[in-house]
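Undergrad: The structure under discussion is supplied below as structure tokens; questions concerning it will follow.
No lab work stands behind these numbers, since they all come straight from the coordinates. All figures in this text were calculated on a predicted structure; none of them were measured in a lab. Every residue, glycine as well, gets a Cβ built from its backbone with ideal geometry; the counts of neighbours run over all protein chains shown.
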């Protein structure tokens, strides 16, 4: 049917999670960015939650791949295979034909990686592909009016990277990135348990510790957590108990690096926008923003009002939903230019 408006599809291709939004269907996919292959056949056997369950519990015939590590695409073929698998499983291949697709990606990806992602999107059936930085989409999804002529400071703490950006009048004024985020915190917890207790734990256990008792300020009804792993000396299974106080000390060190990055961005912010930020404060997004007491920690350290954005885990994909009208406006503008 001539003149029919194409379907709008957006994706958050994060280090930790991949999320897919389809106009009219909502968020249809929200699972870990992990692919499990059978080595001999080089065949995908699981993606997302199913593949995540296999971490640390695989066998010699199984290869676990993260298509993105620290915000960088490490395996473009795995990314293509992952997305093909997802849409085939959801039976949405027909929906993708001729769609307009927006990809939200970390700010650290290269132009070459952007071109590769555009090619993947076109192979999936998209007729037009747009790429936007995750931190911009996180700001929009987190409740920031990015189109207002006023400065806003957003800290998007994802799985692989943390992006700090000053946003005004609809775009990023300046931004910086550091490879300190959710996965890095998990690694720090893992190292602490080994050094302090002489016990090896898996990365999934470290993440569970972070989620359950990770905090940056004392909260009511705090409880210790029993943790199971393997003794580094005897090699036998054992149990230890970790306290919230210990976790605070572990988490403050890497998070101080994010604070340093925020300070660097503030030092380079134009004076007028700096005044806006003093009034508007800092907005925290991403999974790490869910750590208890993080807004108080940032606020006290930076001496700026700080708040956690709306639905921090879904901020990026919610931002891409809100950005739909902008995408179609850009599409119309590009078609007008081509007609001249």
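Undergrad: For segment 182-249, state the average projected area of the convex hull of the C-alpha atoms over all orientations, rounded to one decimal in nm².
TA: 4.2
Undergrad: Based on the alpha-carbon gyration tensor of segment 81-153 and its eigenvalue square roots a ≥ b ≥ c, which shape applies: rounded if a/c is under 1.5, prolate if not and a/b is larger than b/c, or oblate?
TA: Details: a/c = 2.44, a/b = 1.86, b/c = 1.31.
Prolate shape, in that a/c is at least 1.5 and a/b is the bigger ratio.
Undergrad: Let me ask something else. Determine, for each peptide in 318-325, 93-100, the mean count of other beta carbons within 10 angstrom over its residues, then list the peptides with the highest first.
TA: 318-325, 93-100
Undergrad: If you average the C-alpha positions of segment 44-67 and of segment 259-310 separately, how far apart do those two centres end up, in angstrom?
TA: 37
Undergrad: Using the C-alpha atoms of segment 1-62, what convex hull volume per residue, in cubic angstrom, is computed? Before the final figure, lay out the partial values.
TA: Numbers: hull volume 7.0 nm³, N = 62.
Per-residue hull volume (Cα only) is 112 Å³.
Undergrad: Classify segment 115-215: rounded, prolate or oblate, from the alpha-carbon gyration tensor (a ≥ b ≥ c, eigenvalue square roots; a/c under 1.5 rounded; otherwise prolate if a/b is larger than b/c)?
TA: Note, shape of segment 115-215 comes out oblate.
Undergrad: Efficiency by 1/(1 + (r/R0)^6): what FRET value for residue 191 and residue 145, r their Cβ-Cβ distance, R0 = 45 Å, to the nearest 0.05?
TA: Calculated transfer efficiency: 0.65.
Undergrad: Also: Hey, any idea what Rg/Rh is for segment 170-215, computing Rh the Kirkwood way over Cα pairs?
TA: 1.21
Undergrad: A further question follows. Could you let me know the centre-to-centre spacing of segment 110-133 and segment 166-208, using Cα atoms, in angstrom?
TA: When both Cα centres are located, 28 Å separates them.
Undergrad: So for the pair residue 260, residue 127, with labels modelled 7 Å out along Cα→Cβ, what separation do we get in nm?
TA: Modelled inter-label distance: 5.0 nm.
Undergrad: Sorted from fewest to most neighbouring beta carbons within 10 Å, what does the list 300, 221 look like?
TA: Neighbour counts put them in this order, fewest first: 221, 300.
Undergrad: Taking the Kirkwood radius as the inverse of the mean 1/r across Cα pairs, report the Rg/Rh of the chain.
TA: 1.00
Undergrad: Tell me what the chain gives for mean residue ellipticity at 222 nm when only DSSP H runs of n ≥ 4 count, each as -39,500 (n - 2.57), the sum divided by the residue total, rounded to 500 deg cm²/dmol.
TA: Computed ellipticity for the chain at 222 nm equals -12500 deg cm²/dmol.
Undergrad: What percent antiparallel are the DSSP beta bridges of the chain, to the nearest 5?
TA: Of the beta bridges lying entirely in the chain, close to 70 percent run antiparallel.
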